[in-house]
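First, the structure itself, so that you have it in front of you.
The values are calculated or read from the model by the stated rules, or taken from the named source; none is laboratory data. In this text the structure is predicted, and so the values were computed from the model without any measurement. Methodologically, a virtual Cβ is constructed for each residue, glycine included, from the backbone with ideal geometry; neighbour enumeration extends over all protein chains shown.
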Amino acid sequence: MAALHFVHVVYQFMLAAATPLVAQRPFWFVVVPLIVVLLPVICQRLLHCRRPNAGESRKHSSKPLLPSPTRRLPVIGHLHLVGDLPHVSLRDLATKHDRGGGLMLLQLGTVPNLVVSSPRAAQVVLSTYDHVFASRPTSKVFHNFLYGSSTIGFGAYGEHWRKVRKLVTTHLFAVKKVNSFCHARQEEVRLVMAKLKKAMATGMAVDMSETMNTFANDIMCCVVSGKFFREDGRNKTFRELIEMNSALYAGFSLENYFPRLLNSLGIFTRFVSRTVDKTHERWDEVLENIISDHERRSFNYGRGDRAGQEEGADFVDVMLSVQQEYGITRDHIKAVLMDMFDAGTVTSSLVLDLAMAELMRHPHIMTKQRHPESWEKAEEFMPDRFMDGGSAATIDLKGNDFQFIPFGAGRRMCPGMNFGLATVEIMLANLMYCFDWGLPAGMDKEDIDMTEVFGLTVHRKEKLMVVPKLPGTASYA
Ligand code: HEM
């Protein structure tokens with residue numbers, strides 16, 4: 001297991017509804033031309049940066065301790081084996097090369113990556129060796145953008161990360177706190193149902209992807225910044241900002257594969273930093289306004305730190321009230337708020353979008369029939385397996401059963417799980433209960449495009465158009 005110590009990133013591609021932060025798109029259509037142009041400089045730099053001493057040289061010349069594909073190229077390593085959908089490429093490579101142990105080593109650029117593909121191996125990595133893998137790769141490009149890398153999601157494993165993680169788990173995501181937002185959730189669900197009823201009356205198709213995205217974003221806006229979030233169009237601003245972030249995170253994996261080289265050459269940072277800086281300025285302005293508003297309101301009503309303890313207090317109120325206790329700065333608060341939007345909206349909305357797409361492709365499931373099925377058909381949409389009497393009825397999704405870890409496991413596991421589940425469950429239950437569902441005229445279930453796009457989260461490429469109908473009127477063949 002000593003080999004595990006030099007591995008920087010763990011790719012986990014266990015069955016998961018959404019997959020944030022676990023793998024980066026290789027962008028090798030960018031990598032290859034860039035490398036060809038820079039080949040002479042790269043070779044020189046690599047030799048300079050990575051030249052091992054005599055002892056290291058002996059160590060590296062021995063056969064790798066872990067299975068690894070043989071087709072490793074100079075400079076890019078195994079990067080050419082990873083396609084546009086890394087989670088699919090990694091699954092296929094692991095099936096071929098991991099010799100049944102569930103572990104495989106890939107050299108992506110200059111960075112060794114451990115691919116973990118079996119429940120048993122995931123358990124070893126995420127429990128026994130969790131402390132070894134609990135950090136994230138550092139990024140020079142994003143350091144300032146992420147308030148000195150102080151967000152929870154991208155922060156290095158260390159004292160600051162532990163502190164803010166404790167803060168959010170204790171004060172923002174405890175079950176009681178999550179439950180206290182049930183009115184906000186109900187109100188947002190009510191708005192969506194009203195919109196769908198209107199569409200039902202006219203027989204219009206609804207863009208479900210967009211509707212779910214707005215829903216998850218509006219809930220997050222409400223719990224972060226209070227019930228007035230719509231008045232000045234904050235929800236729209238945040239949607240725009242989240243999209244800008246997703247584009248930025250998805251595009252800069254080059255830094256992950258050639259970190260030292262690109263940082264020392266400085267091209268990469270210069271090339272992207274202007275966009276990153278501009279986006280950061282916009283985030284900072286919006287977050288600063290929200291925090292100042294809250295301070296003013298607390299002051300005007302003489303609530304002071306008590307505002308954060310009140311029933312239904314929003315995230316900003318809570319964080320301001322514990323700021324001194326946790327010794328965090330204003331920038332740290334902004335970093336955590338950015339985390340909430342980055343990690344908490346798209347994940348929930350994509351799960352809903354995917355669930356609806358799968359239900360439309362398997363309409364018989366909406367008739368609530370039950371078929372005991374086997375776990376082996378892991379790629380198939382069979383929600384019944386999790387219900388009483390199903391083959392996976394006792395499987396826990398909260399990080400204890402390593403064959404199913406949609407929220408991750410170990411120290412880095414999703415802290416917003418209760419929040420995400422509450423958001424997804426109430427919406428999905430209402431969608432199923434209040435309507436029957438059909439597809440736009442001329443479209444069959446086979447026409448639903450499930451093509452995936454890789455990014456910070458894996459998502460379906462095409463939007464999902466569906467037609468809401470009166471309950472009991474659709475025939476689900
Ligand atoms: C159904 C919805 C959700 C799913 C499927 C999901 C899934 C995940 C996964 C797989 C991870 C990575 C775990 C790892 O690296 O091992 C993660 C991390 C994270 N999630 Fe979620 N999540 C969801 C909702 C939320 C919500 C609602 C929030 C906040 C409001 C949130 C906040 C975070 C944060 C801050 C991290 C980073 C944790 C760290 O690095 O320490 N998530 N999530």
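Just checking, how many residues over the stretch 168-221 are polar (S, T, N, Q) and either over 24 Å from Lys461 (Cβ atoms) or over 20 Å from the mean Cα position of the chain (by Cα) (or both)?
Qualifying residue count, the stretch 168-221: 6.
Give the stretch 380-425 a look and list any residue that's part of a loop (DSSP other than H, G, I, E, B), within 15 Å of the ligand (Cβ to nearest atom) and among the charged types (D, E, K, R), or say none.
Asp396, Lys398, Asp401, listed by residue number.
From the list Phe315, Phe258, which residue is under 30 Å from Arg185 (Cβ atoms) and modelled with pLDDT of 75 or more?
One residue alone meets the criteria, Phe315.
Quick check on this structure: which one of Leu464, Leu428 is hydrophobic (A, V, I, L, M, F, W, C) and either away from the ligand (no atom under 15 Å from the Cβ) or on the phi > 0 side of the Ramachandran plot (or both)?
The unique qualifying residue is Leu464.
Just checking, does the stretch 437-455 include any residue being within 12 Å of the ligand (Cβ to nearest atom) and not hydroxyl-bearing (Ser, Thr, Tyr)?
Among the residues of the stretch 437-455, not one is within 12 Å of the ligand (Cβ to nearest atom) and not hydroxyl-bearing (Ser, Thr, Tyr), which makes the answer no.
Residue pairs, Cβ under 6 Å, 6 or more apart or interchain, first in the stretch 324-347 and farther than 10 Å from Ser150 by Cα and away from the ligand (no atom under 14 Å from the Cβ), second of a type in the set (Lys, Arg) and assigned to a helix (DSSP H, G or I). List them.
Final answer for the pair search is Tyr326/Lys163.
Please go through the stretch 431-461 and give me each residue that is assigned to a loop (DSSP other than H, G, I, E, B), under 26 Å from Glu379 (Cβ atoms) and in contact (Cβ under 8 Å) with a residue 40 or more places away in the chain, ordered by number.
Scanning the stretch 431-461 gives Leu439, Ile448, Met450, Phe454, Gly455, Leu456, Thr457, Val458.
Something else: Checking the condition within 15 Å of the ligand (Cβ to nearest atom) and either surrounded by 19 or more Cβ atoms within 10 Å (Cβ to Cβ) or touching a residue at least 60 places away in the same chain (Cβ under 8 Å) (or both), which residue from Arg136, Arg162 passes?
Arg136
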